[in-house]
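Heads up, the thing below is written out as structure tokens.
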Amino acid sequence: MSVDFATVKRVARLARIAVSEEEANRMVGELNGILGFVEQLSEVDVEGVEAMTSVTPMEMKKRADDVTDGNKAADIVSNAPVTDQNFFLVPKVVE
């Protein structure tokens, strides 16, 4: 796949990027170089190669997945004007 001048201008217009004629001509070569490199990468045999997230093996730190109420209910409602059993009491607004 290769990119021509018209394609660069069309993509720039779709992206709403102002590109001069000189910049578009330069981008044709740059984009074709990038696409050539991507084509080279697709030729590499990666059969049996496991995906990596880092160059050094590391294990993610994990915490225990315990479900709790946070033991903060009293702290949360402490500044409320009126509460009942750790619930906020508000005036009725719909009849």
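The values are calculated or read from the model by the stated rules, or taken from the named source; none is laboratory data. If you're wondering where the values come from, they're calculated on a predicted model, not measured in any experiment. Protein only, heavy atoms only, side chains kept; ligands, DNA and RNA dropped before computing areas. Shrake-Rupley method; radii C 1.70, N 1.55, O 1.52, S 1.80 Å.
Computed values, structure above
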item: Theoretical gain in end-to-end length, residue 21 to residue 86 [0.36 nm per residue, Cα-Cα removed]; result: 16.6 nm
item: ³J(HN,Hα), Karplus 6.51/-1.76/1.60, whole Hz, each residue of region 60-73, x for Gly, Pro; result: 6, 6, 10, 9, 5, 8, 9, 8, 9, 8, x, 6, 10, 4
item: Segment residue 30-residue 9, extension gain: residue separation times 0.36 nm, minus the distance between their alpha carbons; result: 6.2 nm
item: Stokes-Einstein translational diffusion, region 41-95 - Kirkwood Rh over all Cα pairs, 1.002 mPa s, 20 °C, in µm²/s; result: 121 µm²/s
item: Residue-averaged 222 nm ellipticity for the chain, from DSSP H runs of 4+ at -39500 (n - 2.57), nearest 500; result: -12000 deg cm²/dmol
item: Solvent-accessible heavy-atom area per residue, rounded to whole Å², over the chain at 1.4 Å; result: 99 Å²
item: Relative frequency of Cα-Cα separations exceeding 22 Å in the chain, percent; result: 69 percent
